[in-house]
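Worksheet for the structure shown next.
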Amino acid sequence: MSDTPVAEMTFEQAMAELEQVVGRLERGDVALDESITLYERGAALKKRCETKLKEAEEKVAAITLDDNGEPTGLKPVEGL
(Lines give C-alpha, C1' and ligand atoms only; values in the text may rest on other atoms or scores of the structure.)
Protein backbone atom coordinates (compact mmCIF):
# COMPACT_ATOMS: atom_id res chain seq x y z
CA MET A 1 0.00 0.00 0.00
CA SER A 2 1.03 3.53 -0.70
CA ASP A 3 1.92 6.00 2.01
CA THR A 4 0.17 8.74 0.02
CA PRO A 5 -2.93 10.06 1.78
CA VAL A 6 -6.03 9.00 -0.14
CA ALA A 7 -7.27 12.60 -0.35
CA GLU A 8 -4.13 13.54 -2.32
CA MET A 9 -4.30 10.70 -4.84
CA THR A 10 -5.19 11.03 -8.48
CA PHE A 11 -7.93 8.82 -9.85
CA GLU A 12 -5.32 6.57 -11.45
CA GLN A 13 -3.33 6.19 -8.24
CA ALA A 14 -6.41 5.42 -6.18
CA MET A 15 -7.70 2.90 -8.72
CA ALA A 16 -4.35 1.09 -8.93
CA GLU A 17 -4.11 0.78 -5.17
CA LEU A 18 -7.76 -0.26 -4.90
CA GLU A 19 -7.05 -3.09 -7.35
CA GLN A 20 -4.13 -4.21 -5.16
CA VAL A 21 -6.29 -4.12 -2.03
CA VAL A 22 -9.06 -6.12 -3.69
CA GLY A 23 -6.53 -8.67 -4.93
CA ARG A 24 -5.11 -9.18 -1.45
CA LEU A 25 -8.56 -9.51 0.09
CA GLU A 26 -9.67 -11.98 -2.59
CA ARG A 27 -6.64 -14.20 -1.99
CA GLY A 28 -7.73 -14.51 1.62
CA ASP A 29 -4.23 -15.03 2.94
CA VAL A 30 -4.16 -12.07 5.33
CA ALA A 31 -4.94 -12.05 9.03
CA LEU A 32 -8.28 -10.72 10.23
CA ASP A 33 -6.83 -7.48 11.62
CA GLU A 34 -5.00 -6.78 8.38
CA SER A 35 -8.14 -7.63 6.39
CA ILE A 36 -10.06 -5.01 8.34
CA THR A 37 -7.33 -2.43 7.72
CA LEU A 38 -7.30 -3.30 4.01
CA TYR A 39 -11.09 -3.06 3.85
CA GLU A 40 -11.02 0.39 5.45
CA ARG A 41 -8.34 1.57 3.02
CA GLY A 42 -10.29 0.09 0.12
CA ALA A 43 -13.45 1.90 1.17
CA ALA A 44 -11.56 5.21 1.29
CA LEU A 45 -10.01 4.53 -2.12
CA LYS A 46 -13.41 3.66 -3.60
CA LYS A 47 -14.84 6.93 -2.29
CA ARG A 48 -11.90 8.87 -3.79
CA CYS A 49 -12.43 7.23 -7.18
CA GLU A 50 -16.14 8.02 -7.08
CA THR A 51 -15.41 11.66 -6.18
CA LYS A 52 -12.89 12.06 -9.01
CA LEU A 53 -15.29 10.45 -11.51
CA LYS A 54 -18.10 12.78 -10.43
CA GLU A 55 -15.80 15.78 -10.89
CA ALA A 56 -14.86 14.60 -14.38
CA GLU A 57 -18.51 13.96 -15.25
CA GLU A 58 -19.44 17.49 -14.19
CA LYS A 59 -16.64 18.96 -16.29
CA VAL A 60 -17.71 16.98 -19.35
CA ALA A 61 -21.35 17.96 -18.83
CA ALA A 62 -20.29 21.62 -18.73
CA ILE A 63 -18.83 21.53 -22.25
CA THR A 64 -21.16 23.25 -24.68
CA LEU A 65 -21.31 22.30 -28.35
CA ASP A 66 -22.40 24.32 -31.36
CA ASP A 67 -24.78 23.01 -34.04
CA ASN A 68 -21.90 21.15 -35.69
CA GLY A 69 -20.92 19.42 -32.47
CA GLU A 70 -17.82 21.55 -31.97
CA PRO A 71 -16.94 22.75 -28.46
CA THR A 72 -17.81 26.40 -27.95
CA GLY A 73 -16.91 26.83 -24.32
CA LEU A 74 -18.10 25.87 -20.92
CA LYS A 75 -21.41 26.36 -19.24
CA PRO A 76 -21.00 27.61 -15.71
CA VAL A 77 -21.21 24.68 -13.32
CA GLU A 78 -21.63 25.32 -9.64
CA GLY A 79 -18.53 24.33 -7.71
CA LEU A 80 -16.17 24.23 -10.69
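Filter the range 29-43 down to residues that are surrounded by fewer than 17 Cβ atoms within 10 Å (Cβ to Cβ) and either among the β-branched types (V, I, T) or within 15 Å of P5 (Cα to Cα) (or both), then give me how many there are.
Result for the range 29-43: 5.
If you go through the range 6-25 one residue at a time, do you hit one that is assigned to a loop (DSSP other than H, G, I, E, B) and loosely packed, with under 14 Cβ neighbours inside 10 Å? There is at least one residue in the range 6-25 that is assigned to a loop (DSSP other than H, G, I, E, B) and loosely packed, with under 14 Cβ neighbours inside 10 Å. Every listed requirement among (1) in a helix (DSSP H, G or I); (2) open to solvent by less than 100 Å² (accessible area, probe 1.4 Å) is met by T72 save one, (1).
The values are calculated or read from the model by the stated rules, or taken from the named source; none is laboratory data. All of these numbers come straight from a predicted model, not from anything done at the bench. Positions of Cβ are generated from backbone atoms using ideal geometry, with glycine treated the same way; all protein chains shown enter the neighbour counts. Heads up: the accessible areas ignore ligands, DNA and RNA and are worked out on the full protein's heavy atoms, side chains in. Shrake-Rupley method; radii C 1.70, N 1.55, O 1.52, S 1.80 Å.
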